[in-house]
Amino acid sequence: MPGEISEIWTVVPPLQPNHPESDRLLGILLFARRVAGLLAVVWLLAACASPERRSGAESERPTPDRFELSGRIAVKYRGDGYTGSLRWRHRDQRDTIELYSPVGTVYARLASSPEGASLRMADGKRFDEADARALARRVLGWDLPLAQMRYWVFARPAPATVATRVDTDQQGRLIALDQDGWQVRYLSFASVGGVLLPDKLELEEPGLKVKLIVSRWGAPPES
């Protein structure tokens, strides 16, 4: 842009005193100066706006406070098993987890918030408890550490308690985590918005093993 502005002055011939064309050329010169100034302002505004656009893109990245993921899940519990897919949305301390059968039909829908948790089955039955952990123990028979899992799926220890084991690879990525009686293993990662996030992990406690393969990461809308 500075080079383009300077070229405006080189194409205007020098003015001669009392020349009949002086007034017209002077008007052209002043007009060109106004246009050059306006273009410079527009260019500066566009340059200043670019970082804001990048910041907006970064705000769309999933975080432990606001995310949505979908993928496949396999659960083994004392000889019984479940295989299917899931969609998990977390926002504003509220969770919605939908479990689907291998053929794509809804198997169950779990909703959790500070006000309580509910589980609605495909046959219409509904169960309610004070939180998701108590609800899973009552209906499924096994633990569901939902509050910790929203950090674990991001390859981070949950902040409420101390992890007893944290292993990383040569690149500094978390590959193993022991916390609150659970063992979490990270098998592979994928780039999501320029950030590496787990796309295959295993969670295990005595008698229970959960394998999760994430096919899509995202951030839910604000409203």
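Within region 109-135, restricting attention to residues that are under 27 Å from the mean Cα position of the chain (by Cα) and among the acidic types (Asp, Glu), the residue that is surrounded by the fewest Cβ atoms within 10 Å (Cβ to Cβ) is 115.
Of the residues in region 182-202, none is assigned by TED's automatic domain parsing to the domain that holds residue 72, more than 20 Å from residue 72 (Cβ to Cβ) and charged (D, E, K, R). Taking the listed residues 184, 214, 192, the one that is touching a Gly at 6+ places or on another chain (Cβ under 6 Å) and either buried (at least 17 other Cβ atoms within 10 Å of the Cβ) or more than 19 Å from residue 99 (Cβ to Cβ) (or both) is 214, with no other qualifying.
Only a single criterion out of (1) of a type outside the set (A, V, I, L, M); (2) modelled with pLDDT under 95; (3) under 17 Å from the mean Cα position of the chain (by Cα) is not satisfied by residue 138, namely (3). Against the definition (under 19 Å from residue 82 (Cβ atoms) and either at pLDDT 95 or above or part of a strand (DSSP E or B) (or both)), how does residue 212 come out, yes or no? Judged against the criteria, residue 212 is a match.
If you check residue 212 against the conditions, is it touching a Phe, Trp or Tyr at 6+ places or on another chain (Cβ under 8 Å) and in contact (Cβ under 8 Å) with a residue 60 or more places away in the chain? Reasoning before the result, please.
Details: touching a Phe, Trp or Tyr at 6+ places or on another chain (Cβ under 8 Å): no; in contact (Cβ under 8 Å) with a residue 60 or more places away in the chain: yes.
No: the conditions fail for residue 212.
Look at region 125-162 and say how many of its residues are in a loop (DSSP other than H, G, I, E, B) and among the aromatic types (Phe, Trp, Tyr).
Pass one, region 125-162, residues in a loop (DSSP other than H, G, I, E, B): 125, 130-131, 140-145, 153-162.
So of that shortlist, the ones also among the aromatic types (Phe, Trp, Tyr) come out as 142, 154.
Total satisfying the criteria: 2.
Scanning region 181-200 for residues that are modelled with pLDDT under 95 and either of a type in the set (S, T, N, Q) or touching a Pro at 6+ places or on another chain (Cβ under 6 Å) (or both) returns a single hit, 191.
The values are calculated or read from the model by the stated rules, or taken from the named source; none is laboratory data. A quick note: this is a predicted structure, and the numbers were derived from the prediction, not measured. Counting neighbours? That spans all protein chains shown, and the Cβs are built from the backbone with ideal geometry, glycine included.
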